[in-house]
C-alpha cells in the first residue's frame, strides 16, 4: 500500500472525481506532513521511550502512525489510525520474551535451543497473522475500516513453509516466497466488504531479484577492490588491519545504499501497479534514481546533524513514496464508500478481542 504540496481542500469541497461524464478519474495520494512539525513528535517519543526503558515506545508508535495516516489524503479525505498502544506493548513484550528465550536457550543446551526454535517457528506465523489483522482493522478512510481475513493455514504457508523451502533451495525460491507473501497480505485485505487483489506473476519477482543480485555483486566487488587497494598501499602492515572494520562498515553501507532504493521503488511499483480494489486500480511511478538522491542526501544530513535530521528524512521519504501512488477509480468514490458503509452495517464488523496483538518491533 510523495512531493511537497499545499492543499486548500478545506476551503472548497472536492470536485466530483468523475465529472459530468462519469469517466474514470485519477485520484492521487497526497501527503501533507512537515519535517519541523514531525520533529516535535519524534523528539518527545524518543525521550519518553528512553526514560521509560522502552515502555512508551508502543504509545510512540501510535502517535507516529497517526501522524502519517492523518497527513495522507485521498480524494480530499485523510486516513486515520486507531491502534491501542496496550496491544502493541503486549506484542512487543511477547516478541522480546521469545527473542530472549531463543538466545538464552542455546547457552544451556543445543537441544533446548532447538526445542525453543521449534516453538518459536510454531507460534510466530500466528502472531504475524494477528498483527496483520490488528493493523488493518485499526486503519480507516472516510470513517470506514479496513480488515484482514487471512487464516492460519495461509500464515503458516507464507511465514514458515516458504521460508524453509527458500533456505533449502539456497534461496532460489525466495522470489516465489516474496510473491506468495504479498498475495497473502493483499488478497486477504479488504476495505469495507470489497477485497484488494494482487495479480502479479512470479517471473516479475525473479526479474527484480535478478537485478538486486547484480547490484549486490557489484557492491561486493567494489568493497573487495577497496580492501585490496588498502592492503597494497599500506604494504599489508598493521595500519591496514586497524582500518579494516571501518572499511567493512562503509562498504556494507555503500552496498545497502546501492540495493535499498532500487528495491523500494521496484517493489512498490510491482505491487501497486498490479493491485485492484474491486473495480478500482492503482498506479505507482516511483523512480529508483529519485530514491537514490533522497537516500543519499538524507544520510549526509543525518550524519552532519548527529541524527537530528532523522524525522525530516522520514518525511521526505514518505512524501515521495506516497505521492508516487495514484488511484484510478472506476466510479464515484462517494458512491463507492456509501455502498461499503451499507454493506458493513448489514454484515457487521469483527470486534476487537483479548488476543489483539501487534508483534512488529
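We did not get these values from a lab; they are worked out from the coordinates using the rules stated. From a predicted model like this one, the values you see are computed outputs, not experimental measurements. Every residue, glycine as well, gets a Cβ built from its backbone with ideal geometry; the counts of neighbours run over all protein chains shown.
Annotations
- Equivalent ellipsoid dimensions for the chain as semi-axes, Å, which come from the Cα gyration tensor, largest first: 37, 27, 23
- Order of 27, 283 under a 10 Å beta carbon neighbour criterion, fewest first: 283, 27
- Applying 0.36 nm per residue to the separation of residue 51 and residue 111 and subtracting their alpha-carbon distance, the gain on full extension is 17.8 nm.
- Panel order for 29, 253, by other beta carbons found within 10 Å of each beta carbon, from fewest to most: 253, 29.
- Going by neighbour counts of Cβ atoms within 10 Å, the residues 88, 328, 322 line up, fewest first, as 328, 322, 88.
- Entry note, the chain: the mean residue ellipticity at 222 nm calculated from DSSP H runs of n ≥ 4, each adding -39500 (n - 2.57), is -21000 deg cm²/dmol after division by the residues and rounding to the nearest 500.
- Shape call, the stretch 193-324: gyration tensor on alpha carbons, a/c limit 1.5: oblate
- Taking all pairs of distinct alpha-carbon atoms in the stretch 84-136, Kirkwood radius in angstrom: 12.0
- The stretch 85-204: proportion of alpha-carbon pairs further apart than 18 angstrom, %: 62
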